[in-house]
Amino acid sequence: MLSPCRTVSSLLFRQVSWIPLRLGSDRRAVSTLQKESIKKNELEKDEPRPLYMDFQATTPMDPRVLDAMLPYQLNYYGNPHSRTHAYGWESESGMEKARKQVADLIGADPREIIFTSGATESNNMAIKGVARFYKSKKRHVITTQTEHKCVLDSCRVLESEGFNITYLPVQNNGLLDLELLEASIRPDTSLLSVMTINNEIGVKQPIKEIGQICRSKGVFLHTDAAQAVGKIPVNVTDWKIDLMSISGHKIYGPKGVGALYVRRRPRVRLEPLQNGGGQERGLRSGTVPTPLAVGLGAACSIAQQEMEYDHHRVSRLANRLVQKIMSRIPDVIMNGDAEQRYPGCVNLSFAYVEGESLLMALKDVALSSGSACTSASLEPSYVLRAIGADEDLAHSSIRFGIGRFTTEEEVDYTAEKCVQQVTRLREMSPLWEMVQEGIDLKTIKWSQH
(Lines give C-alpha, C1' and ligand atoms only; values in the text may rest on other atoms or scores of the structure.)
Protein backbone atom coordinates (compact mmCIF):
# COMPACT_ATOMS: atom_id res chain seq x y z
CA MET A 1 0.00 0.00 0.00
CA LEU A 2 1.03 3.58 -0.39
CA SER A 3 2.66 5.41 2.48
CA PRO A 4 1.30 8.75 3.73
CA CYS A 5 4.27 10.58 2.25
CA ARG A 6 3.26 9.39 -1.22
CA THR A 7 -0.52 9.61 -0.98
CA VAL A 8 -1.21 12.83 0.89
CA SER A 9 -0.61 16.13 -0.82
CA SER A 10 2.20 18.02 0.82
CA LEU A 11 0.02 21.11 0.53
CA LEU A 12 -2.33 19.70 3.17
CA PHE A 13 0.27 19.29 5.87
CA ARG A 14 3.17 21.61 5.12
CA GLN A 15 4.33 21.73 8.73
CA VAL A 16 4.41 17.97 9.16
CA SER A 17 7.47 15.96 8.24
CA TRP A 18 6.29 12.54 7.08
CA ILE A 19 8.59 9.54 7.16
CA PRO A 20 8.42 6.75 4.56
CA LEU A 21 6.50 3.72 5.79
CA ARG A 22 6.51 0.10 4.72
CA LEU A 23 3.79 -2.51 5.21
CA GLY A 24 3.37 -4.43 8.46
CA SER A 25 4.71 -3.30 11.80
CA ASP A 26 6.44 -0.26 10.27
CA ARG A 27 3.01 1.38 9.92
CA ARG A 28 3.18 2.10 13.63
CA ALA A 29 6.05 4.50 12.91
CA VAL A 30 3.57 7.35 12.49
CA SER A 31 4.25 9.08 15.76
CA THR A 32 1.75 10.51 18.18
CA LEU A 33 3.57 13.82 17.79
CA GLN A 34 2.85 13.91 14.07
CA LYS A 35 -0.83 13.11 14.59
CA GLU A 36 -1.16 15.75 17.29
CA SER A 37 0.53 18.28 15.00
CA ILE A 38 -1.96 17.54 12.22
CA LYS A 39 -4.88 17.80 14.61
CA LYS A 40 -3.60 21.09 16.04
CA ASN A 41 -3.11 22.60 12.59
CA GLU A 42 -6.57 21.58 11.43
CA LEU A 43 -8.32 22.89 14.57
CA GLU A 44 -6.53 26.25 14.36
CA LYS A 45 -7.59 26.90 10.77
CA ASP A 46 -10.33 29.47 10.33
CA GLU A 47 -12.40 27.20 8.09
CA PRO A 48 -15.93 25.76 8.21
CA ARG A 49 -16.26 22.54 10.19
CA PRO A 50 -16.34 19.30 8.17
CA LEU A 51 -19.59 17.64 7.21
CA TYR A 52 -20.58 15.03 9.77
CA MET A 53 -20.88 11.50 8.37
CA ASP A 54 -19.89 9.41 11.40
CA PHE A 55 -23.25 8.63 13.05
CA GLN A 56 -22.09 5.21 14.32
CA ALA A 57 -19.46 6.91 16.52
CA THR A 58 -21.97 9.32 18.05
CA THR A 59 -25.01 11.38 17.11
CA PRO A 60 -25.70 15.07 17.66
CA MET A 61 -28.20 15.71 20.41
CA ASP A 62 -31.72 16.35 19.17
CA PRO A 63 -32.73 19.88 20.29
CA ARG A 64 -35.97 18.42 21.69
CA VAL A 65 -33.88 16.25 24.02
CA LEU A 66 -32.05 19.31 25.30
CA ASP A 67 -35.40 21.05 25.91
CA ALA A 68 -36.51 18.12 28.08
CA MET A 69 -33.23 18.11 30.05
CA LEU A 70 -32.85 21.82 30.83
CA PRO A 71 -35.45 22.07 33.64
CA TYR A 72 -33.65 19.24 35.47
CA GLN A 73 -30.32 21.04 35.07
CA LEU A 74 -31.59 24.33 36.52
CA ASN A 75 -34.79 24.00 38.57
CA TYR A 76 -35.47 20.35 39.42
CA TYR A 77 -32.03 19.61 40.81
CA GLY A 78 -32.99 17.41 43.74
CA ASN A 79 -31.52 13.97 44.38
CA PRO A 80 -34.03 11.51 42.85
CA HIS A 81 -33.42 9.16 45.79
CA SER A 82 -34.35 11.76 48.43
CA ARG A 83 -37.81 10.70 49.62
CA THR A 84 -38.50 13.36 52.25
CA HIS A 85 -39.13 16.56 50.25
CA ALA A 86 -40.44 17.99 46.98
CA TYR A 87 -36.99 18.41 45.39
CA GLY A 88 -36.42 14.69 45.52
CA TRP A 89 -39.96 13.84 44.43
CA GLU A 90 -39.69 16.10 41.36
CA SER A 91 -36.46 14.48 40.24
CA GLU A 92 -37.77 11.00 40.97
CA SER A 93 -40.85 11.69 38.87
CA GLY A 94 -38.68 12.77 35.93
CA MET A 95 -36.44 9.72 36.33
CA GLU A 96 -39.35 7.27 36.43
CA LYS A 97 -41.01 8.88 33.41
CA ALA A 98 -37.74 8.40 31.53
CA ARG A 99 -37.54 4.78 32.68
CA LYS A 100 -40.98 4.16 31.19
CA GLN A 101 -40.04 5.87 27.93
CA VAL A 102 -37.01 3.59 27.55
CA ALA A 103 -39.11 0.52 28.42
CA ASP A 104 -41.87 1.43 25.96
CA LEU A 105 -39.38 1.65 23.10
CA ILE A 106 -38.25 -1.96 23.54
CA GLY A 107 -41.47 -3.55 24.83
CA ALA A 108 -40.28 -3.98 28.42
CA ASP A 109 -41.60 -3.32 31.92
CA PRO A 110 -40.15 -0.08 33.41
CA ARG A 111 -38.96 -2.09 36.43
CA GLU A 112 -36.63 -3.98 34.09
CA ILE A 113 -34.67 -0.85 33.06
CA ILE A 114 -31.44 -0.09 34.94
CA PHE A 115 -29.82 3.29 34.24
CA THR A 116 -26.06 3.16 33.58
CA SER A 117 -23.35 5.45 32.23
CA GLY A 118 -23.58 3.93 28.73
CA ALA A 119 -23.43 0.74 26.71
CA THR A 120 -19.88 -0.12 27.79
CA GLU A 121 -20.94 -0.26 31.44
CA SER A 122 -24.13 -2.13 30.52
CA ASN A 123 -22.14 -4.73 28.58
CA ASN A 124 -19.70 -5.18 31.47
CA MET A 125 -22.55 -5.51 33.97
CA ALA A 126 -24.42 -8.07 31.88
CA ILE A 127 -21.51 -10.32 30.92
CA LYS A 128 -19.50 -10.28 34.13
CA GLY A 129 -22.57 -10.07 36.34
CA VAL A 130 -24.38 -13.11 34.93
CA ALA A 131 -21.23 -15.22 34.58
CA ARG A 132 -20.14 -14.58 38.16
CA PHE A 133 -23.59 -15.10 39.68
CA TYR A 134 -24.05 -18.54 38.11
CA LYS A 135 -20.40 -19.62 38.27
CA SER A 136 -21.00 -22.38 40.81
CA LYS A 137 -22.95 -24.38 38.20
CA LYS A 138 -22.09 -22.84 34.84
CA ARG A 139 -18.69 -21.57 33.70
CA HIS A 140 -19.08 -21.30 29.92
CA VAL A 141 -19.89 -18.11 27.97
CA ILE A 142 -20.34 -17.73 24.20
CA THR A 143 -19.82 -14.60 22.10
CA THR A 144 -18.73 -13.78 18.55
CA GLN A 145 -15.47 -12.52 17.07
CA THR A 146 -17.12 -9.33 15.75
CA GLU A 147 -18.44 -7.96 19.05
CA HIS A 148 -17.60 -4.51 20.41
CA LYS A 149 -14.25 -4.34 22.17
CA CYS A 150 -15.85 -3.92 25.61
CA VAL A 151 -17.65 -7.26 25.16
CA LEU A 152 -14.49 -9.05 24.01
CA ASP A 153 -12.42 -7.53 26.83
CA SER A 154 -15.06 -8.47 29.42
CA CYS A 155 -14.86 -12.04 28.17
CA ARG A 156 -11.07 -11.98 28.43
CA VAL A 157 -11.38 -10.86 32.05
CA LEU A 158 -13.67 -13.84 32.69
CA GLU A 159 -11.12 -16.13 31.04
CA SER A 160 -8.52 -14.91 33.52
CA GLU A 161 -10.97 -15.91 36.28
CA GLY A 162 -11.20 -19.47 35.00
CA PHE A 163 -14.28 -19.27 32.78
CA ASN A 164 -14.38 -20.97 29.38
CA ILE A 165 -15.17 -18.58 26.53
CA THR A 166 -16.14 -19.58 23.00
CA TYR A 167 -15.54 -16.86 20.37
CA LEU A 168 -17.71 -17.92 17.45
CA PRO A 169 -16.58 -16.99 13.93
CA VAL A 170 -19.02 -15.34 11.56
CA GLN A 171 -19.64 -16.04 7.90
CA ASN A 172 -18.18 -13.87 5.13
CA ASN A 173 -21.37 -11.79 5.13
CA GLY A 174 -20.93 -11.07 8.84
CA LEU A 175 -23.88 -13.20 9.97
CA LEU A 176 -23.66 -15.87 12.63
CA ASP A 177 -24.12 -19.51 11.60
CA LEU A 178 -27.08 -20.62 13.75
CA GLU A 179 -26.23 -24.31 13.43
CA LEU A 180 -22.72 -23.63 14.69
CA LEU A 181 -24.16 -21.57 17.54
CA GLU A 182 -26.52 -24.35 18.61
CA ALA A 183 -23.73 -26.91 18.45
CA SER A 184 -21.53 -24.69 20.65
CA ILE A 185 -23.99 -24.55 23.55
CA ARG A 186 -22.99 -26.84 26.42
CA PRO A 187 -24.80 -27.92 29.59
CA ASP A 188 -22.63 -25.46 31.55
CA THR A 189 -23.25 -22.48 29.21
CA SER A 190 -24.73 -19.60 31.18
CA LEU A 191 -24.75 -16.76 28.64
CA LEU A 192 -24.60 -15.88 24.96
CA SER A 193 -23.70 -12.29 24.00
CA VAL A 194 -24.39 -11.19 20.41
CA MET A 195 -24.53 -7.65 19.02
CA THR A 196 -27.83 -6.77 17.30
CA ILE A 197 -26.34 -4.42 14.68
CA ASN A 198 -22.60 -4.31 14.17
CA ASN A 199 -21.07 -0.88 14.72
CA GLU A 200 -18.52 -1.21 11.89
CA ILE A 201 -20.32 -2.97 9.04
CA GLY A 202 -24.00 -2.53 10.00
CA VAL A 203 -24.88 -6.24 9.77
CA LYS A 204 -28.08 -7.16 11.63
CA GLN A 205 -27.95 -10.53 13.38
CA PRO A 206 -31.09 -12.75 13.51
CA ILE A 207 -31.66 -12.06 17.20
CA LYS A 208 -35.21 -13.45 17.24
CA GLU A 209 -34.03 -16.86 15.99
CA ILE A 210 -31.02 -16.73 18.33
CA GLY A 211 -33.37 -15.96 21.23
CA GLN A 212 -35.47 -19.03 20.47
CA ILE A 213 -32.37 -21.24 20.47
CA CYS A 214 -31.14 -19.81 23.78
CA ARG A 215 -34.53 -20.10 25.50
CA SER A 216 -34.88 -23.74 24.38
CA LYS A 217 -31.41 -24.51 25.79
CA GLY A 218 -31.80 -22.64 29.08
CA VAL A 219 -29.10 -20.08 28.18
CA PHE A 220 -29.46 -16.37 28.87
CA LEU A 221 -29.22 -14.09 25.82
CA HIS A 222 -27.52 -10.70 26.09
CA THR A 223 -27.43 -8.35 23.13
CA ASP A 224 -25.52 -5.11 22.69
CA ALA A 225 -28.24 -3.07 20.96
CA ALA A 226 -26.51 0.32 21.09
CA GLN A 227 -26.67 0.61 17.28
CA ALA A 228 -30.16 -0.87 16.99
CA VAL A 229 -32.45 0.64 19.63
CA GLY A 230 -34.38 3.58 18.22
CA LYS A 231 -33.36 2.73 14.65
CA ILE A 232 -35.16 -0.58 14.05
CA PRO A 233 -38.17 -2.07 15.90
CA VAL A 234 -36.98 -4.07 18.92
CA ASN A 235 -39.19 -6.13 21.23
CA VAL A 236 -37.45 -7.96 24.05
CA THR A 237 -40.43 -10.25 24.67
CA ASP A 238 -40.91 -11.35 21.06
CA TRP A 239 -37.15 -11.78 20.60
CA LYS A 240 -36.74 -13.61 23.94
CA ILE A 241 -33.92 -11.31 25.02
CA ASP A 242 -32.83 -11.56 28.67
CA LEU A 243 -30.40 -8.62 28.83
CA MET A 244 -29.96 -5.67 26.47
CA SER A 245 -27.48 -2.78 26.46
CA ILE A 246 -28.57 0.71 25.34
CA SER A 247 -26.57 3.91 24.76
CA GLY A 248 -27.95 7.45 24.93
CA HIS A 249 -25.56 9.17 22.55
CA LYS A 250 -26.23 6.71 19.71
CA ILE A 251 -29.90 7.79 19.51
CA TYR A 252 -29.54 11.59 19.59
CA GLY A 253 -29.47 11.72 23.38
CA PRO A 254 -26.79 12.89 25.84
CA LYS A 255 -23.41 11.26 26.34
CA GLY A 256 -22.70 9.62 29.69
CA VAL A 257 -25.97 7.74 30.05
CA GLY A 258 -27.33 4.39 28.93
CA ALA A 259 -29.43 1.55 30.21
CA LEU A 260 -29.38 -2.18 30.80
CA TYR A 261 -32.57 -4.16 30.35
CA VAL A 262 -32.67 -7.08 32.81
CA ARG A 263 -35.58 -9.51 32.45
CA ARG A 264 -37.71 -10.15 35.56
CA ARG A 265 -39.68 -13.21 34.34
CA PRO A 266 -38.04 -15.62 33.82
CA ARG A 267 -35.76 -13.88 36.26
CA VAL A 268 -32.16 -13.08 35.40
CA ARG A 269 -29.76 -12.67 38.31
CA LEU A 270 -26.45 -10.86 38.16
CA GLU A 271 -23.71 -9.88 40.53
CA PRO A 272 -23.34 -6.06 40.70
CA LEU A 273 -20.07 -4.49 39.61
CA GLN A 274 -20.26 -1.66 42.14
CA ASN A 275 -21.71 -1.47 45.62
CA GLY A 276 -23.16 1.37 47.62
CA GLY A 277 -26.62 2.73 48.33
CA GLY A 278 -28.45 -0.05 46.51
CA GLN A 279 -30.04 2.10 43.81
CA GLU A 280 -31.39 0.55 40.60
CA ARG A 281 -32.65 -2.68 42.23
CA GLY A 282 -29.28 -3.03 43.95
CA LEU A 283 -27.61 -3.72 40.61
CA ARG A 284 -26.06 -0.31 40.03
CA SER A 285 -25.45 1.74 43.17
CA GLY A 286 -24.95 5.48 42.82
CA THR A 287 -27.15 8.53 42.34
CA VAL A 288 -28.91 8.42 38.98
CA PRO A 289 -28.06 11.63 37.03
CA THR A 290 -31.62 12.85 36.51
CA PRO A 291 -30.93 15.28 33.62
CA LEU A 292 -29.12 12.57 31.66
CA ALA A 293 -31.80 9.96 32.38
CA VAL A 294 -34.49 12.43 31.29
CA GLY A 295 -32.50 13.06 28.11
CA LEU A 296 -32.28 9.34 27.37
CA GLY A 297 -36.02 8.97 27.94
CA ALA A 298 -36.81 11.88 25.65
CA ALA A 299 -34.51 10.47 22.94
CA CYS A 300 -36.28 7.09 23.18
CA SER A 301 -39.71 8.73 23.00
CA ILE A 302 -38.76 10.74 19.89
CA ALA A 303 -37.21 7.65 18.29
CA GLN A 304 -40.39 5.67 18.89
CA GLN A 305 -42.48 8.35 17.17
CA GLU A 306 -40.15 8.93 14.22
CA MET A 307 -38.46 5.55 13.70
CA GLU A 308 -40.36 4.61 10.56
CA TYR A 309 -39.79 8.00 8.93
CA ASP A 310 -36.11 8.09 9.94
CA HIS A 311 -35.49 4.56 8.65
CA HIS A 312 -37.09 5.30 5.28
CA ARG A 313 -35.15 8.54 4.88
CA VAL A 314 -31.81 7.04 5.97
CA SER A 315 -32.33 4.11 3.58
CA ARG A 316 -32.93 6.48 0.68
CA LEU A 317 -29.84 8.56 1.46
CA ALA A 318 -27.65 5.47 1.93
CA ASN A 319 -28.75 4.03 -1.41
CA ARG A 320 -28.03 7.38 -3.03
CA LEU A 321 -24.51 7.46 -1.56
CA VAL A 322 -23.65 3.89 -2.54
CA GLN A 323 -25.04 4.27 -6.06
CA LYS A 324 -23.17 7.52 -6.71
CA ILE A 325 -19.87 6.03 -5.54
CA MET A 326 -20.07 2.51 -6.97
CA SER A 327 -21.40 3.62 -10.36
CA ARG A 328 -18.30 5.77 -10.93
CA ILE A 329 -15.49 3.87 -9.20
CA PRO A 330 -14.54 0.26 -10.03
CA ASP A 331 -13.26 -2.23 -7.47
CA VAL A 332 -15.32 -1.00 -4.52
CA ILE A 333 -16.57 -3.66 -2.11
CA MET A 334 -19.43 -3.24 0.36
CA ASN A 335 -18.56 -5.10 3.54
CA GLY A 336 -21.23 -7.17 5.26
CA ASP A 337 -24.51 -8.70 4.11
CA ALA A 338 -26.33 -6.64 1.48
CA GLU A 339 -29.81 -7.38 2.88
CA GLN A 340 -29.55 -8.06 6.62
CA ARG A 341 -28.14 -4.70 7.59
CA TYR A 342 -28.96 -1.28 8.99
CA PRO A 343 -28.76 1.04 5.96
CA GLY A 344 -27.29 4.00 7.85
CA CYS A 345 -23.97 2.18 8.32
CA VAL A 346 -22.15 1.83 4.99
CA ASN A 347 -18.69 0.24 5.07
CA LEU A 348 -16.86 0.32 1.74
CA SER A 349 -13.40 -0.96 0.82
CA PHE A 350 -11.64 0.89 -1.98
CA ALA A 351 -9.12 -1.50 -3.52
CA TYR A 352 -5.58 -0.14 -4.11
CA VAL A 353 -6.18 2.87 -1.84
CA GLU A 354 -4.90 3.28 1.72
CA GLY A 355 -7.85 4.03 4.00
CA GLU A 356 -5.91 6.41 6.24
CA SER A 357 -4.71 8.35 3.20
CA LEU A 358 -8.26 8.63 1.89
CA LEU A 359 -9.49 9.87 5.27
CA MET A 360 -6.82 12.59 5.22
CA ALA A 361 -7.74 13.55 1.68
CA LEU A 362 -11.40 13.78 2.70
CA LYS A 363 -10.59 16.11 5.57
CA ASP A 364 -13.72 18.24 4.98
CA VAL A 365 -15.94 15.23 5.73
CA ALA A 366 -15.92 13.61 9.18
CA LEU A 367 -15.62 9.88 8.47
CA SER A 368 -14.07 6.85 10.12
CA SER A 369 -12.06 3.82 9.09
CA GLY A 370 -13.76 1.69 11.77
CA SER A 371 -14.91 1.78 15.38
CA ALA A 372 -14.24 5.07 17.17
CA CYS A 373 -13.22 3.02 20.19
CA THR A 374 -10.27 1.49 18.32
CA SER A 375 -9.59 4.07 15.58
CA ALA A 376 -6.34 5.17 17.26
CA SER A 377 -4.83 1.87 16.15
CA LEU A 378 -3.31 1.43 12.68
CA GLU A 379 -4.02 -2.30 12.78
CA PRO A 380 -6.64 -3.50 10.28
CA SER A 381 -10.17 -3.80 11.67
CA TYR A 382 -10.64 -7.10 13.51
CA VAL A 383 -14.27 -7.08 12.34
CA LEU A 384 -13.24 -6.98 8.68
CA ARG A 385 -10.61 -9.65 9.25
CA ALA A 386 -13.27 -11.82 10.93
CA ILE A 387 -15.44 -11.71 7.80
CA GLY A 388 -12.49 -12.83 5.71
CA ALA A 389 -11.39 -9.52 4.18
CA ASP A 390 -7.81 -9.47 2.89
CA GLU A 391 -5.48 -7.26 4.90
CA ASP A 392 -5.10 -4.75 2.08
CA LEU A 393 -8.89 -4.42 1.71
CA ALA A 394 -9.30 -4.19 5.47
CA HIS A 395 -6.83 -1.29 5.42
CA SER A 396 -8.73 0.40 2.59
CA SER A 397 -12.14 0.53 4.27
CA ILE A 398 -14.13 3.65 5.12
CA ARG A 399 -17.29 3.74 7.25
CA PHE A 400 -19.97 6.22 6.18
CA GLY A 401 -22.54 6.98 8.87
CA ILE A 402 -25.90 8.50 7.87
CA GLY A 403 -28.45 9.72 10.39
CA ARG A 404 -31.48 11.83 11.23
CA PHE A 405 -29.88 15.17 10.36
CA THR A 406 -27.95 14.13 7.23
CA THR A 407 -29.02 16.03 4.10
CA GLU A 408 -29.06 15.08 0.42
CA GLU A 409 -26.54 17.82 -0.28
CA GLU A 410 -24.12 16.33 2.25
CA VAL A 411 -24.48 12.88 0.71
CA ASP A 412 -23.90 14.23 -2.81
CA TYR A 413 -20.87 16.26 -1.71
CA THR A 414 -19.37 13.27 0.13
CA ALA A 415 -19.87 10.97 -2.85
CA GLU A 416 -18.34 13.48 -5.28
CA LYS A 417 -15.32 14.13 -3.06
CA CYS A 418 -14.83 10.41 -2.53
CA VAL A 419 -14.86 9.74 -6.27
CA GLN A 420 -12.34 12.54 -6.88
CA GLN A 421 -9.93 11.51 -4.15
CA VAL A 422 -10.03 7.76 -4.82
CA THR A 423 -9.34 8.46 -8.49
CA ARG A 424 -6.45 10.77 -7.58
CA LEU A 425 -4.90 8.33 -5.10
CA ARG A 426 -5.17 5.44 -7.53
CA GLU A 427 -3.42 7.45 -10.21
CA MET A 428 -0.50 7.76 -7.78
CA SER A 429 -0.50 4.06 -6.96
CA PRO A 430 1.90 1.68 -8.71
CA LEU A 431 -0.39 -1.18 -7.64
CA TRP A 432 -3.31 0.34 -9.54
CA GLU A 433 -1.07 0.82 -12.57
CA MET A 434 -0.06 -2.85 -12.44
CA VAL A 435 -3.69 -3.96 -12.22
CA GLN A 436 -4.57 -1.79 -15.23
CA GLU A 437 -1.83 -3.59 -17.13
CA GLY A 438 -3.48 -6.91 -16.33
CA ILE A 439 -1.05 -8.11 -13.66
CA ASP A 440 -2.57 -10.32 -10.95
CA LEU A 441 -1.12 -8.92 -7.72
CA LYS A 442 -1.80 -12.16 -5.83
CA THR A 443 0.70 -14.00 -8.02
CA ILE A 444 3.52 -11.64 -7.05
CA LYS A 445 5.94 -12.70 -4.31
CA TRP A 446 6.72 -9.52 -2.40
CA SER A 447 9.93 -9.16 -0.44
CA GLN A 448 10.68 -6.83 2.45
CA HIS A 449 14.03 -5.15 3.01
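The values are calculated or read from the model by the stated rules, or taken from the named source; none is laboratory data. Because the structure is a prediction, the values reported are computed rather than measured. As a convention, Cβ positions derive from the backbone with ideal geometry for all residues, glycine included, and neighbour counts pool all protein chains shown. For accessibility, only protein heavy atoms count, side chains too; no ligands or nucleic acids. Shrake-Rupley method; radii C 1.70, N 1.55, O 1.52, S 1.80 Å.
Tabulated data for the structure shown
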{"item": "Most mobile of PHE163, PHE55, PHE115 in a GNM of the chain (Cα contacts under 10 Å)", "result": "PHE163"}
{"item": "Relative contact order for the chain, counting Cα pairs under 8 Å that sit 6 or more residues apart, in percent", "result": "21 percent"}
{"item": "Extension reserve of the TYR77-LYS149 stretch, reckoned as 0.36 nm per residue once the Cα distance is removed", "result": "22.4 nm"}
{"item": "Residues of the chain: accessible area per residue with a 1.4 Å probe, Å²", "result": "46 Å²"}
{"item": "Crossing angle, helix 408-427 versus the chain [Cα axis fit, 0-90 degrees, rounded to tens]", "result": "40 degrees"}
{"item": "3J(HN,Hα) from dihedral phi, the range 159-172, Karplus parametrisation 6.51/-1.76/1.60, rounded to Hz, x for glycine, proline", "result": "4, 5, 8, x, 7, 9, 10, 10, 9, 6, x, 10, 6, 5"}
{"item": "Per-bin percent of Cα-Cα distances, the chain [20 Å]", "result": "24, 52, 23, 1, 0"}
{"item": "Top positive-direction residue, dipole computed over the range 165-285 with Cβ charges, set GLY174, SER285, ILE241", "result": "SER285"}
{"item": "Options ILE329, GLY297, HIS312, ranked by Cα towards positive dipole end of the range 290-340, top entry (Cβ charges)", "result": "ILE329"}
{"item": "Accessible area, probe 1.4 Å, largest first, for residues GLU96, GLU112", "result": "GLU96, GLU112"}
{"item": "Per-residue HN-Hα couplings for the range 270-284 [Karplus 6.51, -1.76, 1.60; θ = phi - 60°; Hz; x = Gly/Pro]", "result": "8, 7, x, 7, 10, 10, x, x, x, 5, 6, 6, x, 8, 8"}
{"item": "Of GLN205, GLN279, GLN145, the one that fluctuates the most in a GNM where the chain has Cα springs shorter than 10 Å", "result": "GLN279"}
{"item": "The chain - percent of accessible surface contributed by carbon and sulfur, probe 1.4 Å", "result": "51 percent"}
{"item": "Zero-based 10 Å bins, Cα pair distances in the range 193-314, whole percents", "result": "12, 38, 37, 12, 0"}
{"item": "Reachable aspartates and glutamates, given that their alpha-carbon falls under 16 Å from the alpha-carbon of LYS442 and they are not under 8 places away in the same chain", "result": "ASP331, ASP390, GLU391, ASP392, GLU433"}
{"item": "Positive-pole candidate from GLN212, THR84, ALA131, dipole of the chain, charges at beta carbon", "result": "THR84"}
{"item": "Net dipole in debye of the range 192-248 [+1 Lys, Arg Cβ; -1 Asp, Glu Cβ; about Cα centre; nearest 20]", "result": "140 debye"}
{"item": "Relative contact order (%) - criterion: Cα under 8 Å, at least six apart; region: the range 59-187", "result": "14 percent"}
{"item": "Total charge dipole magnitude, the chain, about the Cα centre, Cβ charges on Lys, Arg, Asp, Glu only, Debye to nearest 20", "result": "1300 debye"}
{"item": "Antiparallel content of DSSP bridges confined to the chain, in %, to 5", "result": "55 percent"}
{"item": "When each of LYS128/LYS231; LYS40/LYS363; LYS137/LYS217; LYS255/LYS363; LYS135/LYS204; LYS135/LYS208 is checked by Cα-Cα distance, pairs over 19 Å", "result": "LYS128/LYS231; LYS255/LYS363; LYS135/LYS204; LYS135/LYS208"}
{"item": "The chain, helix-only ellipticity at 222 nm - DSSP H runs n ≥ 4, -39,500 (n - 2.57), divided by all residues, nearest 500", "result": "-12500 deg cm²/dmol"}
